[in-house]
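Enquirer: The structure that follows is given in the form of C-alpha coordinates.
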Amino acid sequence: MPKEHSELLKQEEKNQKKEFDNLFDSIIYNIAGDLGLQVANLLLKHDEITDEELASILDIKVNFVRKVLYKLYENNLATYRRVRDKETGWFIFYWKLNPEKIYDLIRKKQEKVLAKLTERLNYEKSHMFYICKNCSLRLTFEESIEYSFHCPKCGALLQQEDNSYIIKVLEKKIEDIKNEIKTLKNKKLVAQVSK
(Lines give C-alpha, C1' and ligand atoms only; values in the text may rest on other atoms or scores of the structure.)
Protein backbone atom coordinates (compact mmCIF):
# COMPACT_ATOMS: atom_id res chain seq x y z
CA MET A 1 0.00 0.00 0.00
CA PRO A 2 1.48 3.38 -0.97
CA LYS A 3 2.46 5.65 1.89
CA GLU A 4 -0.12 8.31 0.90
CA HIS A 5 -2.94 5.74 1.11
CA SER A 6 -1.92 4.53 4.57
CA GLU A 7 -1.65 8.13 5.82
CA LEU A 8 -5.04 8.93 4.29
CA LEU A 9 -6.57 5.88 6.00
CA LYS A 10 -5.04 6.91 9.33
CA GLN A 11 -6.38 10.45 8.96
CA GLU A 12 -9.84 9.12 8.01
CA GLU A 13 -9.74 6.81 11.04
CA LYS A 14 -8.88 9.78 13.30
CA ASN A 15 -11.74 11.82 11.85
CA GLN A 16 -14.17 8.93 12.35
CA LYS A 17 -12.91 8.33 15.89
CA LYS A 18 -13.55 11.95 16.84
CA GLU A 19 -17.05 11.82 15.40
CA PHE A 20 -17.58 8.38 16.92
CA ASP A 21 -16.62 9.51 20.42
CA ASN A 22 -19.21 12.31 20.41
CA LEU A 23 -21.87 10.00 19.01
CA PHE A 24 -20.89 7.27 21.44
CA ASP A 25 -21.08 9.58 24.45
CA SER A 26 -24.48 10.82 23.32
CA ILE A 27 -25.89 7.30 22.89
CA ILE A 28 -24.43 6.02 26.17
CA TYR A 29 -25.84 9.03 28.01
CA ASN A 30 -29.31 8.39 26.53
CA ILE A 31 -29.15 4.74 27.56
CA ALA A 32 -27.56 4.95 31.00
CA GLY A 33 -27.03 8.59 32.02
CA ASP A 34 -23.94 10.11 33.64
CA LEU A 35 -23.02 6.93 35.47
CA GLY A 36 -23.27 5.08 32.17
CA LEU A 37 -20.71 7.47 30.66
CA GLN A 38 -18.35 6.91 33.58
CA VAL A 39 -18.69 3.13 33.35
CA ALA A 40 -18.32 3.13 29.55
CA ASN A 41 -15.18 5.29 29.72
CA LEU A 42 -13.64 2.91 32.25
CA LEU A 43 -14.59 -0.08 30.12
CA LEU A 44 -12.89 1.57 27.12
CA LYS A 45 -9.64 1.78 29.12
CA HIS A 46 -9.64 -1.94 30.01
CA ASP A 47 -9.78 -5.05 27.86
CA GLU A 48 -11.89 -6.69 30.55
CA ILE A 49 -12.86 -5.61 34.05
CA THR A 50 -15.17 -6.98 36.73
CA ASP A 51 -18.23 -5.17 38.04
CA GLU A 52 -16.64 -5.14 41.50
CA GLU A 53 -13.49 -3.46 40.15
CA LEU A 54 -15.63 -0.85 38.38
CA ALA A 55 -17.58 -0.18 41.58
CA SER A 56 -14.34 0.15 43.54
CA ILE A 57 -12.81 2.60 41.04
CA LEU A 58 -16.01 4.69 40.95
CA ASP A 59 -16.48 4.36 44.72
CA ILE A 60 -20.15 3.35 44.42
CA LYS A 61 -22.20 0.28 45.22
CA VAL A 62 -21.76 -2.63 42.83
CA ASN A 63 -25.53 -2.81 42.24
CA PHE A 64 -25.46 0.61 40.54
CA VAL A 65 -22.65 -0.51 38.27
CA ARG A 66 -24.48 -3.75 37.44
CA LYS A 67 -27.63 -1.82 36.54
CA VAL A 68 -25.63 0.24 34.02
CA LEU A 69 -23.82 -2.82 32.67
CA TYR A 70 -27.12 -4.63 32.08
CA LYS A 71 -28.47 -1.60 30.19
CA LEU A 72 -25.37 -1.60 28.00
CA TYR A 73 -25.66 -5.36 27.56
CA GLU A 74 -29.34 -5.11 26.54
CA ASN A 75 -28.29 -2.71 23.79
CA ASN A 76 -25.39 -4.96 22.67
CA LEU A 77 -22.84 -2.35 23.70
CA ALA A 78 -21.25 -4.51 26.38
CA THR A 79 -20.54 -8.22 26.72
CA TYR A 80 -19.30 -10.35 29.54
CA ARG A 81 -17.35 -13.52 30.16
CA ARG A 82 -18.36 -15.62 33.16
CA VAL A 83 -15.77 -17.57 35.18
CA ARG A 84 -16.41 -19.64 38.31
CA ASP A 85 -14.16 -18.77 41.24
CA LYS A 86 -12.62 -22.06 42.40
CA GLU A 87 -12.41 -20.95 46.03
CA THR A 88 -15.89 -19.51 46.55
CA GLY A 89 -17.84 -21.22 43.78
CA TRP A 90 -19.34 -17.87 42.78
CA PHE A 91 -19.30 -16.59 39.23
CA ILE A 92 -17.08 -13.66 38.37
CA PHE A 93 -18.21 -11.55 35.41
CA TYR A 94 -15.56 -9.92 33.24
CA TRP A 95 -17.07 -7.08 31.22
CA LYS A 96 -15.91 -5.40 28.05
CA LEU A 97 -17.32 -2.69 25.84
CA ASN A 98 -18.31 -3.18 22.18
CA PRO A 99 -18.22 0.39 20.82
CA GLU A 100 -18.46 -0.82 17.21
CA LYS A 101 -22.03 -1.96 17.91
CA ILE A 102 -23.16 1.65 18.26
CA TYR A 103 -23.85 1.87 14.53
CA ASP A 104 -26.06 -1.25 14.66
CA LEU A 105 -28.03 0.25 17.53
CA ILE A 106 -28.59 3.54 15.73
CA ARG A 107 -29.45 1.76 12.48
CA LYS A 108 -32.09 -0.38 14.19
CA LYS A 109 -33.68 2.69 15.76
CA GLN A 110 -33.63 4.51 12.43
CA GLU A 111 -35.24 1.50 10.74
CA LYS A 112 -38.09 1.63 13.27
CA VAL A 113 -38.59 5.34 12.58
CA LEU A 114 -38.46 4.64 8.85
CA ALA A 115 -41.17 1.98 9.15
CA LYS A 116 -43.46 4.38 11.06
CA LEU A 117 -42.89 7.22 8.61
CA THR A 118 -43.53 4.92 5.65
CA GLU A 119 -46.76 3.76 7.28
CA ARG A 120 -47.79 7.39 7.81
CA LEU A 121 -46.91 8.28 4.21
CA ASN A 122 -49.05 5.43 2.92
CA TYR A 123 -51.92 6.62 5.14
CA GLU A 124 -51.60 10.18 3.85
CA LYS A 125 -51.51 9.01 0.23
CA SER A 126 -54.49 6.69 0.58
CA HIS A 127 -56.89 9.10 2.32
CA MET A 128 -58.60 12.37 1.59
CA PHE A 129 -58.79 14.78 4.50
CA TYR A 130 -61.12 17.54 5.60
CA ILE A 131 -60.26 20.23 8.11
CA CYS A 132 -62.20 22.67 10.25
CA LYS A 133 -60.74 26.15 9.78
CA ASN A 134 -61.99 27.19 13.27
CA CYS A 135 -60.78 24.23 15.36
CA SER A 136 -58.02 22.86 13.09
CA LEU A 137 -59.66 19.46 13.52
CA ARG A 138 -58.58 17.07 10.78
CA LEU A 139 -60.84 14.23 9.66
CA THR A 140 -60.65 11.60 6.94
CA PHE A 141 -63.25 11.54 4.19
CA GLU A 142 -65.01 8.63 5.89
CA GLU A 143 -65.14 10.46 9.24
CA SER A 144 -66.34 13.64 7.50
CA ILE A 145 -69.25 11.75 5.95
CA GLU A 146 -70.34 10.61 9.42
CA TYR A 147 -70.64 14.27 10.47
CA SER A 148 -72.19 15.42 7.17
CA PHE A 149 -69.02 17.45 6.48
CA HIS A 150 -69.59 19.59 9.58
CA CYS A 151 -67.13 19.94 12.45
CA PRO A 152 -68.17 17.77 15.42
CA LYS A 153 -66.76 20.40 17.82
CA CYS A 154 -68.06 23.72 16.48
CA GLY A 155 -70.46 22.77 13.66
CA ALA A 156 -68.57 24.73 10.94
CA LEU A 157 -68.44 23.39 7.41
CA LEU A 158 -65.35 21.24 6.79
CA GLN A 159 -62.97 22.18 3.97
CA GLN A 160 -61.06 19.67 1.87
CA GLU A 161 -57.39 19.73 2.79
CA ASP A 162 -54.53 19.55 0.33
CA ASN A 163 -52.08 17.23 2.07
CA SER A 164 -49.46 17.33 -0.70
CA TYR A 165 -47.14 19.37 1.55
CA ILE A 166 -47.35 16.72 4.30
CA ILE A 167 -46.63 14.01 1.72
CA LYS A 168 -43.57 15.92 0.43
CA VAL A 169 -42.23 16.42 3.97
CA LEU A 170 -42.70 12.73 4.77
CA GLU A 171 -41.04 11.66 1.51
CA LYS A 172 -38.07 13.95 2.22
CA LYS A 173 -37.70 12.68 5.78
CA ILE A 174 -37.91 9.05 4.56
CA GLU A 175 -35.21 9.73 1.97
CA ASP A 176 -33.00 11.38 4.61
CA ILE A 177 -33.35 8.42 6.96
CA LYS A 178 -32.62 5.94 4.16
CA ASN A 179 -29.42 7.86 3.44
CA GLU A 180 -28.51 7.88 7.14
CA ILE A 181 -29.02 4.12 7.32
CA LYS A 182 -26.82 3.65 4.24
CA THR A 183 -24.14 5.87 5.83
CA LEU A 184 -24.32 3.87 9.07
CA LYS A 185 -23.87 0.61 7.15
CA ASN A 186 -20.84 2.10 5.37
CA LYS A 187 -19.35 3.32 8.68
CA LYS A 188 -19.75 -0.14 10.12
CA LEU A 189 -17.98 -1.63 7.09
CA VAL A 190 -15.14 0.89 7.41
CA ALA A 191 -14.83 0.10 11.12
CA GLN A 192 -14.66 -3.65 10.37
CA VAL A 193 -12.10 -3.19 7.58
CA SER A 194 -9.85 -1.01 9.74
CA LYS A 195 -9.66 -3.64 12.52
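Yes/no matrix, rows are residues, columns are (1) under 14 Å from Ile177 (Cα atoms); (2) open to solvent by 60 Å² or more (accessible area, probe 1.4 Å); (3) modelled with pLDDT of 95 or more:
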site	(1), (2), (3)
Thr88	no, yes, no
Asn98	no, no, no
Gln110	yes, no, no
Thr118	yes, no, yes
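Enquirer: Next question. Can you pull out every residue in region 62-75 that is farther than 17 Å from Ser26 by Cβ and open to solvent by 50 Å² or more (accessible area, probe 1.4 Å)?
Expert: Asn63, Phe64, Arg66, Lys67, Tyr70, Tyr73, Glu74
Enquirer: Continuing with the same structure: Mind telling me which of the residues Ile166, Ile181 ends up being more than 16 Å from the chain's Cα centre (by Cα) and at pLDDT below 95? Explain how you work it out, then say what you get.
Expert: Details: Ile181 fails: more than 16 Å from the chain's Cα centre (by Cα).
The match here is Ile166.
Enquirer: Quickly run through region 31-77 and pick out the residues that are touching a strand residue (DSSP E or B) at 6+ places or on another chain (Cβ under 8 Å), aliphatic (A, V, I, L, M) and farther than 21 Å from Trp90 by Cβ.
Expert: Within region 31-77, Ala40, Leu42, Leu43, Leu44, Leu72, Leu77 meet the criteria.
Enquirer: Here is a further query. Considering only region 80-112, state which residues are closer than 29 Å to Lys185 by Cβ and of a type in the set (Ser, Thr, Tyr).
Expert: Scanning region 80-112 gives Tyr80, Tyr103.
Enquirer: Taking the criterion of being of a type in the set (Phe, Trp, Tyr) and modelled with pLDDT under 85, would at least one residue in region 16-36 satisfy it?
Expert: yes
Enquirer: Right, here's the next one. Give me the pairs: first residue in region 150-170 and assigned to a strand (DSSP E or B), second residue among the aromatic types (Phe, Trp, Tyr), beta-carbon distance under 8 Å, and six or more apart or on different chains, which are they?
Expert: The qualifying pairs are Leu157/Phe149; Gln159/Tyr130; Gln160/Phe129; Gln160/Tyr130; Glu161/Phe129; Glu161/Tyr130.
The values are calculated or read from the model by the stated rules, or taken from the named source; none is laboratory data. Keep in mind that what you see is a predicted model, and the values were worked out from it rather than measured. Here the Cβ is made from the backbone with ideal geometry for all residues, glycine too, and neighbour counts use every protein chain on show. Ligands, DNA and RNA are stripped out before the accessible areas are found, and what is left, the full protein with its side chains, is counted by its heavy atoms. Shrake-Rupley method; radii C 1.70, N 1.55, O 1.52, S 1.80 Å.
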